[in-house]
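The values are calculated or read from the model by the stated rules, or taken from the named source; none is laboratory data. None of these values were measured; they are calculated from a predicted model. Cβ sites come from the backbone with ideal geometry, for glycine too, and all protein chains shown count toward neighbours.
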Amino acid sequence: MFAKVVAVSLLTLASGQLLAAECKVTVDSTDQMSYNTKEITIDKSCKTFTVELTHSGSLPKNVMGHNWVLSKEADTQAIATDGIAAGIDKSYLKDGDTRVIAHTKIIGAGEKDSVTFDVSKLKADEQYNFFCTFPGHISMMKGTVTLK
Ligand code: CO
């Protein structure tokens, strides 16, 4: 009897997990100055969302470094421009830049970094981008983030 109750509970748990939204994504970056995705959709049911950034290339971070930065579309270019002077040790982000909603550090080949942020910081009617602030990369390394 006890075993049967446990089995039913486990089944319920498993189906609940299948229905739950995925609140995590892995984004890969490359030696070709690119991400493997142009669009990230975040489900409104997620309390937090985690992005894991990987780098599948072979070049080091001082040559082909990448980060993953999230901001409103309207702030994207200015964040990247202001980040150039900050240098690689600051992951090409200006100190205390409040326009940045979330970001990883700059990584090179074979490295990874992840960031988790509160989904309550995003609004469904706002346009968001993710992008790389390594100098010159934003033209190739930019995509959209949508809350749905
Ligand atoms: Co980059």
Write out, first by first residue and then by second, each pair whose Cβ atoms fall under 8 Å of each other, whose residues are 6+ apart or on separate chains, and whose first residue, in the range 122-135, is over 12 Å from LEU70 (Cβ atoms) while the second is near the ligand (Cβ under 9 Å from one of its atoms) and among the small types (Gly, Ala, Ser).
-> PHE134/GLY65
State whether one or more residues within the range 84-96 are among the aromatic types (Phe, Trp, Tyr) and under 15 Å from the mean Cα position of the chain (by Cα).
-> no
Can you name every residue in the range 52-81 that is in a strand (DSSP E or B) and either out of contact with any strand residue (DSSP E or B) (no Cβ under 6 Å at 6 or more places or on another chain) or away from the ligand (no atom under 14 Å from the Cβ) (or both)?
-> GLU52, LEU70, SER71, LYS72
Residues in the range 100-134 that are of a type in the set (Phe, Trp, Tyr) and farther than 18 Å from GLU39 by Cβ total 1
Does the range 112-128 contain at least one residue that is modelled with pLDDT of 95 or more, surrounded by 14 or more Cβ atoms within 10 Å (Cβ to Cβ), within 11 Å of the ligand (Cβ to nearest atom) and not in a strand (DSSP E or B)?
-> no
